[in-house]
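Student: Supplied in C-alpha cells, the structure appears directly below.
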Amino acid sequence: MNPAVQIAAAFFGSLGFALLFGLRRRYLLPASLGGMLSWGLYLLLDHLLSSPFLACFAASAFSTVYAELLARLMHSPTTLFVIPAVIPLVPGSSLYYAMSFAVHRDMASARAYGSQTLELALAIAAGMSFVLACRELHTRRKS
Amino acid sequence: MDLTRSEQSSLLDSMLEMGELLLDCGAEVSRVEDTLSRLGAAYGAARTDVFVIPSIISISMEFAGEKALTETRRIHSNGANDFYRLEKLNTLSRGCCVEPLPVSELRSSLDAVAAGHKPLRVILGGSALAAFSFAVFFGGSIWDGLAAAVFALAICLLQEYLGRTELNTAAFNLVISLLIGLGVGLLAALLPALHMDKILIGDIMLLIPGLAMTNAVRNMLVGDTISGAVRLAESLIWAVALASGFMIALMIVRALF
C-alpha cells in the first residue's frame, strides 16, 4: 500500500467522521489534519520500531496532545479533536478479517486477528489515558 | 445568587436535562460530573454531589440553611457522538459558570439545544466520504471506495429509519450488518472486479464500536471504573452482534455462489 495514498485517505476518512459527528465548519480542517498526522506518525514509528502496539500507543498519545492544544486554542472540548484524530488508528480491518476467518473456520488466523484488534484498541486507549493522566497530575500540582 | 425553593428545584431539573443531553452527545462521564458540579456551585449551592454512570445521573444539592434536594434520572444513551450539540452545551455551561443565567432562561436555552439537529445531508456526505476513504485506506480500489460510499448512504438511511423504532443497539447492529453484508456480498458476486472485504471494511468503520471500546478502557484507566466496565460490556456485545450479522451474511452469500 502506497503510504502517500494511505495518508491522504486518512485525512479524508477523518474529515468524513468529523462531518458525520457534526463538527463545526471552522474546526474541520484542524480535526482532519490530526487524523492525517497521527496516521503518518503511526506509519513512521511502525517502520522504525516494527511494533504496531508501540506505534499505535505513540500515535494515540500524540493525537491527544494535539487535540488538547487545539482545544485550549479554540476554547472547546478536547473530544471534538481527539476523536477524528484517532479514527485512522481504529483497527477496522483486523476486526473484519478476524470475523471472516472465523466464518471460513480458520480459527488460528481468526484468533491472531482477533487479538491484534484488542491489542490495538488497548494501545489507543492507553495512549490517550497516558496523556490525560499526565495533564491531570500537572493541573493538580498547580492548584 | 439567591434562589427561591422552587427555582432551586427547577435548576436541579435543568441540570439533569443538561447531563442527559451531554451523555447523549457522547460526552465523557467525568466531564458530565465536572460540568454539573461547577454549575451547582455557580448557582450558589453550598454543596453539589453528582454521580454519573452511562445509565443514571443522580444529583444532590444543598443550599445554605436548607434541606438537600436530590433527583435521579434514568438515561438511555448509546454513546454516539454529536459534536454539534456537544459544543453548544459546552458554550452554554461555560457561560453559566461565569455569569449564571436566570433559571428559566437556562431551561429554555437547553430546550433550544435539544431541538437542534445537524442537517441530514451533512451526515450522509460525511458517512459516504468516511466509508470511501477507509475502503481505499485499507487497500481497496477507487471502485471499492465508491461501492462502500453507496452502502454508507444505505447505512445512514437505515439508521435514520430504524433509529426511530425502539430497537436496542445490539439488535439494531445485527439487523444492519446482516443487510449490508448481504448487499455487498451480492454486488461483489455480480461484479467480480470489486473486493468484498475492502468494501465491507470501509462500511464497518462506520459501525464498529471502536471508539466506544476505546473510551471504555480509557474510563477505567482514569478511575471511572463502573462507567468503563458498563461501556466495555456494552460495546463488546455490540461488536459481537455486528460480527454475527456479517457472518450470517457471508455464510448466505457463500452458500449461494
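Every residue, every condition in (1) of a type outside the set (A, V, I, L, M); (2) under 14 Å from the mean Cα position of the chain (by Cα); (3) at the interface with chain B (Cβ under 10 Å from one of its Cβ atoms), yes or no:
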site: A:10; (1), (2), (3): no, yes, yes
site: A:29; (1), (2), (3): no, no, no
site: A:35; (1), (2), (3): yes, yes, yes
site: A:48; (1), (2), (3): no, no, no
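Student: Another question, if that's okay. In region A:67-98, how many residues are of a type in the set (Gly, Ala, Ser), at the interface with chain B (Cβ under 7 Å from one of its Cβ atoms) and part of a helix (DSSP H, G or I)?
Tutor: Here is the first cut: in region A:67-98, the residues of a type in the set (Gly, Ala, Ser) are A:67, A:71, A:76, A:85, A:92-94, A:98.
Remaining after also requiring at the interface with chain B (Cβ under 7 Å from one of its Cβ atoms): A:76, A:92-93.
Keeping just the survivors that are part of a helix (DSSP H, G or I) gives A:92-93.
Of the residues in region A:67-98, 2 are of a type in the set (Gly, Ala, Ser), at the interface with chain B (Cβ under 7 Å from one of its Cβ atoms) and part of a helix (DSSP H, G or I).
Student: Of everything in region A:103-121 that's in contact (Cβ under 8 Å) with a residue 60 or more places away in the chain and touching a Phe, Trp or Tyr at 6+ places or on another chain (Cβ under 8 Å), which residue is nearest to the other protein chains (Cβ to nearest Cβ)? Please lay out each step first, then the result.
Tutor: Narrowing region A:103-121 to residues in contact (Cβ under 8 Å) with a residue 60 or more places away in the chain: A:116, A:119-120.
Narrowing the set further to residues that are touching a Phe, Trp or Tyr at 6+ places or on another chain (Cβ under 8 Å) leaves A:119-120.
Numbers: A:119: 12, A:120: 9 Å.
Looking at the filtered set, the residue picked out is A:120.
Conditions tested, residue by residue: (1) part of a helix (DSSP H, G or I); (2) among the aliphatic types (A, V, I, L, M).
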{"residue": "B:9", "(1), (2)": "yes, no"}
{"residue": "B:17", "(1), (2)": "yes, no"}
{"residue": "B:27", "(1), (2)": "no, yes"}
{"residue": "B:49", "(1), (2)": "no, no"}
{"residue": "B:57", "(1), (2)": "no, yes"}
{"residue": "B:61", "(1), (2)": "no, yes"}
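Student: Please report, ordered by residue number, the helices (runs of 4 or more DSSP H) entirely within region B:117-215 with at least 3 residues that are away from chain A (no Cβ under 13 Å) and within 17 Å of the chain's Cα centre (by Cα).
Tutor: B:142-163, B:169-190
Student: Quickly run through region A:1-35 and pick out the residues that are more than 23 Å from residue B:207 (Cβ to Cβ) and assigned to a helix (DSSP H, G or I).
Tutor: Once the filter is applied, which keeps residues that are more than 23 Å from residue B:207 (Cβ to Cβ) and assigned to a helix (DSSP H, G or I), region A:1-35 yields A:3, A:4, A:5, A:7, A:8, A:25, A:26, A:27, A:29, A:30, A:33.
Student: Okay, moving on. When residue B:34 is evaluated against the numbered criteria (1) closer than 30 Å to residue B:237 by Cα; (2) acidic (Asp, Glu); (3) in a strand (DSSP E or B), which criterion, by number, is the only one it fails?
Tutor: Failed condition: (3).
Student: Report, by residue number, each residue of region B:92-112 that is part of a helix (DSSP H, G or I) and either away from chain A (no Cβ under 14 Å) or within 19 Å of the chain's Cα centre (by Cα) (or both). Talk me through it step by step, then tell me what you get.
Tutor: Our first condition is that a residue be part of a helix (DSSP H, G or I); within region B:92-112, this holds for B:92-98, B:103-112.
Answer for region B:92-112, where residues must be part of a helix (DSSP H, G or I) and either away from chain A (no Cβ under 14 Å) or within 19 Å of the chain's Cα centre (by Cα) (or both): B:96, B:103, B:104, B:105, B:106, B:107, B:108, B:109, B:110, B:111, B:112.
Student: Which condition breaks for residue B:228 when tested against (1) within 10 Å of chain A (Cβ to nearest Cβ); (2) under 30 Å from residue B:257 (Cβ atoms)?
Tutor: Single failed check for residue B:228: (2).
Every number here is computed from the coordinates shown, using simple stated rules; none is lab data. Just so we're clear, the structure is a prediction, and the values are computed from it rather than from any experiment. Every residue, glycine as well, gets a Cβ built from its backbone with ideal geometry; the counts of neighbours run over all protein chains shown.
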